[in-house]
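Read-outs throughout are calculated quantities, based only on the coordinates presented, and are distinct from any laboratory measurement. Because the structure is a prediction, the values reported are computed rather than measured. Every residue, glycine among them, receives a Cβ derived from its backbone with ideal geometry; neighbour counts consider all protein chains shown.
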Amino acid sequence: MSNWTILCDFDGTISVRDTTDALLERFGRPGWEAVERAWREGEIGSRECMARQVALVEASPSELDAWLDEVAIDPAFPAFVAAAQAAGIPLTVLSDGLDHAIARILGRHGLGDLPVVANRLEAVGENGWRLEFPFGRTGCPSGNCKCGAAGDAHAARRRVLLIGDGASDFCVAGEADLVFAKGRLVEHCRTAAIPHLPIVDFRDALALLPMLVEGGIAAEGQVVALPGRTIAA
């Protein structure tokens with residue numbers, strides 16, 4: 001049994017694009033873009049942003065599910081999950097997005113048993129929605145305190161591999177032992193001197209996983225050269 005645990009972002013990491021943004025573009029009433037700008041400019045935290053935006057979603061449960069059934073994921077993700085499970089490495093989907101959306105999409109790909117830690121989407125009436133934050137923590141502006149999940153893993157004496165792509169992963173990246181980084185998270189890890197490997201997709205992550213299992217990737221902050229790759233720190 002490996003002493004690693006994997007915390008994996010969903011939107012833009014497992015899913016091909018940000019599911020919440022796409023959902024708002026499809027079902028959001030006017031005003032959600034202004035809320036988004038307020039968050040990007042630092043006027044509000046992601047918890048307030050998400051709550052206000054979800055309140056502007058207008059769709060019946062059946063309409064929402066039909067739309068979610070068209071959302072694509074990285075085609076190599078199921079193989080990565082299978083490889084991690086074969087190696088005895090638990091994987092949790094850790095997202096500041098919507099639990100129902102994640103569970104629906106994963107279930108369609110036979111991955112419904114994966115643990116999901118995300119904000120709780122609840123129906124209100126026939127076409128309305130609200131968001132609850134069961135994994136929020138005092139002092140954290142995010143709906144889901146990802147750093148808390150990393151701290152829980154470390155308290156259980158497990159090393160943390162984070163896989164992520166964007167701003168919601170910036171804080172927790174500093175708490176991880178190693179990051180497989182996509183998108184904006186690559187530059188953040190480089191600037192903050194966080195041990196990481198840049199990846200394009202889960203084909204890269206799948207190729208790197210055996211080295212993690214075999215101890216070929218350091219997890220204590222060292223810079224380690226691998227065949228054709230480097231952990232930047």
Item checked: Within the chain, helix-based [θ] at 222 nm, where runs of 4 or more DSSP H residues each add -39,500 (n - 2.57), nearest 500 -> -10500 deg cm²/dmol
Next item on the list: Rounded to the nearest Å, what's the spacing between the alpha carbon centres of segment 1-76 and segment 122-163? Just the number, please.
Entry: 14
Check: In what order do THR13, THR191 fall by count of nearby beta-carbon atoms within 10 Å, going from fewest to most?
Finding: THR191, THR13
Check: Sequence-distant or interchain residues sharing an amide H contact under 5 Å with ILE73, placed H: which?
Finding: VAL16
Check: Relative to the longest principal Cα axis of the chain, at what angle does helix 99-108 sit, 0 to 90 degrees, rounded to 10?
Finding: 70
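Let me know the shape class of segment 111-155, please: from the alpha-carbon gyration tensor, a ≥ b ≥ c as square roots of the eigenvalues, rounded when a/c is under 1.5, otherwise prolate if a/b is greater than b/c, or oblate. Can you show the working numbers first?
Values: a/c = 4.64, a/b = 1.57, b/c = 2.95.
Taking the square roots of the gyration eigenvalues as a ≥ b ≥ c, segment 111-155 is oblate.
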Note to self: On C-alpha positions alone, give me the angle between the axis of helix 202-213 and the longest principal axis of the chain, in degrees, nearest 10.
What the structure shows: 40
Notebook entry, point to check: Among the DSSP beta bridges whose two residues both lie in the chain, what percent are antiparallel, rounded to the nearest 5?
Noted result: 35
Next item on the list: Report the full-extension gain for the segment GLU214 to ALA87: residue separation times 0.36 nm, less the Cα-Cα distance, to one decimal in nm.
Entry: 44.7 nm
Margin query: Check the chain for me: any Cys whose beta-carbon has no other cysteine beta-carbon within less than 4.7 Å?
Written below: CYS8, CYS49, CYS147, CYS171, CYS189
Next item on the list: Taking the chain as the reference, fit the longest principal axis to its C-alpha atoms, fit the long axis of helix 146-155 to the helix C-alpha atoms, and give the angle between the two in degrees, 0 to 90, nearest 10.
Entry: 40
Margin query: Among VAL186, GLY112, ASN127, whose Cα projects farthest towards the positive end of the dipole of segment 105-192, with charges put on the beta-carbon of Lys, Arg (+1) and Asp, Glu (-1)?
Written below: VAL186
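Please state the shape class of the chain: rounded when a/c is under 1.5, otherwise prolate if a/b exceeds b/c and oblate if not, all from the C-alpha gyration tensor. Intermediate results must be reported in sequence, preceding the final value.
Numbers: a/c = 1.98, a/b = 1.59, b/c = 1.24.
Prolate, because a/c is 1.5 or more and a/b exceeds b/c.
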Next item on the list: Among PHE202, THR5, LEU68, pick out the residue whose Cα is farthest towards the positive end of the charge dipole of the chain, where Lys and Arg carry +1 and Asp and Glu carry -1 on C-beta, about the Cα centre.
Entry: THR5
Next item on the list: Find how much the distance from ARG184 to ALA76 grows on full extension, using 0.36 nm per residue of separation minus their present alpha carbon separation; answer in nm with one decimal.
Entry: 36.8 nm
